[in-house]
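A short worksheet on the structure shown next.
The values are calculated or read from the model by the stated rules, or taken from the named source; none is laboratory data. Note that the structure is a prediction, hence the values are computed from the model and not measured. Every residue, glycine as well, gets a Cβ built from its backbone with ideal geometry; the counts of neighbours run over all protein chains shown. Surface areas here come from the heavy atoms of the whole protein model, side chains and all, with no ligands, DNA or RNA. Shrake-Rupley method; radii C 1.70, N 1.55, O 1.52, S 1.80 Å.
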Amino acid sequence: MSSEDYLKDISEIKNLMNKSSKFISLSGLSGILAGIYALIGAVFAYWLVAQSENGILILDEKVFRFIIIDLILVGVFSIGTAIYLTTKKAKKNNQKIWDSLTQRLLTSFIVPLLAGGIYILIILNQQRYGQTAALMLLFYGLALLSASKYTLGDVKYLGYTQIIIGLICAFFPGYGFWFWVLGFGIMHIVYGTVMYFKYDKK
């Protein structure tokens, strides 16, 4: 056997091991669309606040409830799109949609995200709004970082980016809205575009 044959065999073994230990069917397009949904939701939220009488958010106000609905819709559309496109890509790659690997991936992602969501609801109930955007970015970044060991390694870079943006946001709580737009909107589009051209468009 030549050295080229050995290298080819090693490469094939590496690819097989990667497929069995990591969920590789994440769609870059879903990241792009998630960013677009976030930007649309942010524009709507900004308009709602601008139309309110005092221009600020108070927990008991109708405007705040609409913004919560807005955030939920952004999340539902983002998750729904990710499930659809990832399922479609997994079938194309002949990869199982639901197995122990997928379960570990979802558990690693959902646990820090759920803990962060509950904590944010607690501080909102105490009418402490200043760090909401920073906490959303931080816990989302931690969730991505936790899940990255079961999927494409590039996910961890998005996680690090969200954590860094969240920490900077914590220093400038008055600009939380714009950091949220940067993290959930623009960075998702950038990440999704890179992923699409790196993995999807082959």
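The table that follows gives values for the structure above.
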| quantity | calculated |
| --- | --- |
| The lone exception for T151 - which of (1) in contact with a Lys or Arg (Cβ under 9 Å, 6 or more places away or on another chain); (2) open to solvent by less than 30 Å² (accessible area, probe 1.4 Å); (3) free of Cβ contacts under 8 Å to residues at least 40 places away in the same chain it fails | (3) |
| Hey, L138 among the aliphatic types (A, V, I, L, M) and over 14 Å from the mean Cα position of the chain (by Cα) or not | no |
| Hey, G185 closer than 16 Å to L71 by Cβ and crowded, with 19+ Cβ neighbours inside 10 Å or not | yes |
| Tally of residues being of a type in the set (G, A, S) and surrounded by fewer than 14 Cβ atoms within 10 Å (Cβ to Cβ) across the range 89-140 | 3 |
| Residue pairs meeting the criteria (Cβ under 8 Å; at least 6 apart or on separate chains; first at pLDDT 90 or above, in the range 173-202; second surrounded by 22 or more Cβ atoms within 10 Å (Cβ to Cβ) and aromatic (F, W, Y)) | G183/Y140; F184/Y140 |
